[in-house]
Amino acid sequence: MKNQSKEIVYNLETSVFNWEIAPGKTIEAWGFNNQLPGPILQANAGDTLVVRVTNNLPEATTVHWHGICLPAGMDGTDAMQKPIEPGEMFEYRFEVPQSGTFWYHSHTNETVQMERGMYGAIVVNSEFDPVTDNDRVFMIDDMKLDEQNNFTTPKWYVPRVVERHDGREGDTLLINGKENPVINMHAGQTERWRFINSSSARYFLLHMEGRPFRVIGTDGGLLEKPRTVTELLITPGERMDIAAGPFNEDESFAIESLPYNRVTFLKAQRQTFATVIVGAAKQSNAFIPGVFRTIKPLAAQDAEINRTIKLSVGPSLKNGMNFKVNNDMHVNDQPVKVGELQVWEINNASLMDHPFHLHGFFFQVLEVNGKAPEYMAWKDTFNITPRTKVKIAWMPDNRPGTWMYHCHIIEHHAAGMMGHFDVIDDSKPYVSKPAHHMHHH
Ligand code: C2O
Ligand code: CU
């Protein structure tokens with residue numbers, strides 16, 4: 001029987017607090033409800049979330065509900081809402097129409113606020129989810145700290161340019177706010193692990209010391225069918241759900257990230273994020289079917305492109321380089337009309353990778369450099385390798401307002417690689433707005 005939709009109320013309070021990332025190792029975190037990550041918000045597809053955010057940070061904030069198809073006014077960007085000032089409260093209210101793994105994070109001064117821990121997970125369940133023996137969220141992050149475990153900002157030109165170019169990566173590696181946590185599970189069981197890359201810039205190439213696992217879902221919910229792999233790239237902003245196990249009694253292995261070359265100054269390394277210890281066997285009720293659903297293509301592979309978006313990197317005397325959309329920074333792009341299929345070509349003309357994120361709507365990838373992708377999926381964040389053209393399709397449903405797309409490497413977003421655009425309801429007259437007021441920090 002279908003569950004009745006309900007309203008679920010959460011109170012989130014942002015503040016500065018001490019957080020132990022390892023025994024005896026404490027940082028001054030910024031986050032929600034004195035925990036890092038913030039609490040997991042749980043709902044069933046069709047429920048309404050009411051989230052009251054009280055801001056006790058020393059500066060203004062907004063909260064973005066990454067991946068949720070919500071009304072523009074609830075999207076948490078400064079184009080659509082007045083930032084929540086210290087001491088103020090804002091009530092977000094929106095339906096969560098689709099099941100899957102989503103997350104929330106600060107959308108104000110992100111290079112500081114997200115880096116310090118302003119994020120948490122949203123899990124939306126449905127009656128069609130495969131049955132697993134356990135369900136866990138793994139939020140991936142890394143922090144750049146000095147010897148006293150303080151957050152730093154690069155003082156000199158060269159390290160500043162490196163951080164702007166590469167994005168901010170640190171060697172304090174966290175899963176759910178802890179350094180190398182131990183994950184205990186039972187032999188013989190299969191668990192659903194929801195990975196969310198909440199880091200500023202780190203590319204996480206999931207590997208479990210060679211053990212195969214099944215990818216079952218991504219940004220917009222389940223895939224059509226499980227895919228068995230031994231490694232899986234999860235870029236900043238992306239989610240990947242896997243079925244992990246069954247493993248044998250007394251097995252132990254690392255959840256690690258293999259080096260991925262995204263063409264940065266600092267070279268990636270193989271690193272351990274967590275350790276899995278498999279204990280006594282326990283009966284399993286898990287069932288991962290061979291087919292989850294059919295994802296209907298929104299458009300043919302050769303559908304006509306109605307917008308191109310060029311991502312590029314250009315020189316800047318002050319900052320070393322700027323990050324651009326269509327040769328400009330922080331652009332205002334053309335509006336799109338409700339109900340008009342969008343076929344966009346994202347052209348990464350730069351020499352490094354960028355995870356492209358579209359707010360509020362899921363897209364399908366039609367082709368990458370002229371080739372259809374290997375499998376169908378609903379995405380809101382998709383990595384674009386250097387000198388690559390990706391063709392995507394998406395449908396603006398009736399949620400007018402100002403939306404945005406941007407690179408989810410937070411430093412690139414801040415350095416200009418983003419665009420605002422309006423979704424307009426054609427039955428109403430469109431009044432074009434002056435350029436948006438932007439906050440730069
Ligand atoms: Cu998770 Cu504007 O982003
Ligand atoms: Cu980028």
- Item | Filter result for Asn398 (away from ligand 2 (no atom under 12 Å from the Cβ) and of a type in the set (S, T, N, Q)) | yes
- Query: Take the residues of region 354-389 that are within 16 Å of ligand 2 (Cβ to nearest atom) and of a type in the set (Val, Ile, Thr): which is most open to solvent (accessible area, probe 1.4 Å)?
  - Reply: Thr385
- Query: Residues of region 398-416 being open to solvent by 10 Å² or more (accessible area, probe 1.4 Å) and part of a strand (DSSP E or B), which ones?
  - Reply: Gly401
- Message: What's the total number of residues in region 341-353 that are within 16 Å of ligand 2 (Cβ to nearest atom) and either over 30 Å from Asn398 (Cβ atoms) or open to solvent by 10 Å² or more (accessible area, probe 1.4 Å) (or both)?
- Response: 7
- Message: Could you list, ordered by first residue, the pairs with Cβ atoms under 8 Å in which the first is in region 313-332 and farther than 19 Å from Asn347 by Cβ and the second is within 14 Å of ligand 2 (Cβ to nearest atom) and in a loop (DSSP other than H, G, I, E, B), at least 6 apart or interchain?
- Response: Asn319/Ala415
- Check region 312-330 and report whether any residue there is away from ligand 2 (no atom under 16 Å from the Cβ) and within 29 Å of Tyr104 (Cβ to Cβ). no
- Under the condition of being of a type outside the set (S, T, N, Q) and under 17 Å from Cys69 (Cβ atoms), which residue from region 122-139 is nearest to ligand 2 (Cβ to nearest atom)? Ile122
- Message: With the structure loaded, tell me whether Asp47 is among the charged types (D, E, K, R), under 20 Å from the mean Cα position of the chain (by Cα), surrounded by 14 or more Cβ atoms within 10 Å (Cβ to Cβ) and under 24 Å from Asp219 (Cα atoms) or whether it fails that test.
- Response: no
- For region 50-69, indicate whether the set of residues that are modelled with pLDDT under 95 and not in a strand (DSSP E or B) is non-empty. no
- Residues satisfying the stated conditions in region 85-133, i.e. under 29 Å from Ala187 (Cβ atoms), part of a strand (DSSP E or B) and open to solvent by less than 60 Å² (accessible area, probe 1.4 Å): Gly100, Thr101, Ala121, Val123, Asn125
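Got at least one residue in region 156-164 being in contact (Cβ under 8 Å) with a residue 60 or more places away in the chain, in contact with a His (Cβ under 9 Å, 6 or more places away or on another chain) and away from ligand 2 (no atom under 16 Å from the Cβ)?
Checked region 156-164: no residue is in contact (Cβ under 8 Å) with a residue 60 or more places away in the chain, in contact with a His (Cβ under 9 Å, 6 or more places away or on another chain) and away from ligand 2 (no atom under 16 Å from the Cβ).
Residues in region 212-264 that are outside any strand (DSSP E or B), aliphatic (A, V, I, L, M) and either on the phi < 0 side of the Ramachandran plot or surrounded by 15 or more Cβ atoms within 10 Å (Cβ to Cβ) (or both): how many?
Number satisfying all stated conditions: 1.
The values are calculated or read from the model by the stated rules, or taken from the named source; none is laboratory data. Here the structure is a predicted model, which means the values were calculated and not measured. Here the Cβ is made from the backbone with ideal geometry for all residues, glycine too, and neighbour counts use every protein chain on show. The accessibility values were calculated without ligands, DNA or RNA, using every heavy atom of the protein model including side chains. Shrake-Rupley method; radii C 1.70, N 1.55, O 1.52, S 1.80 Å.
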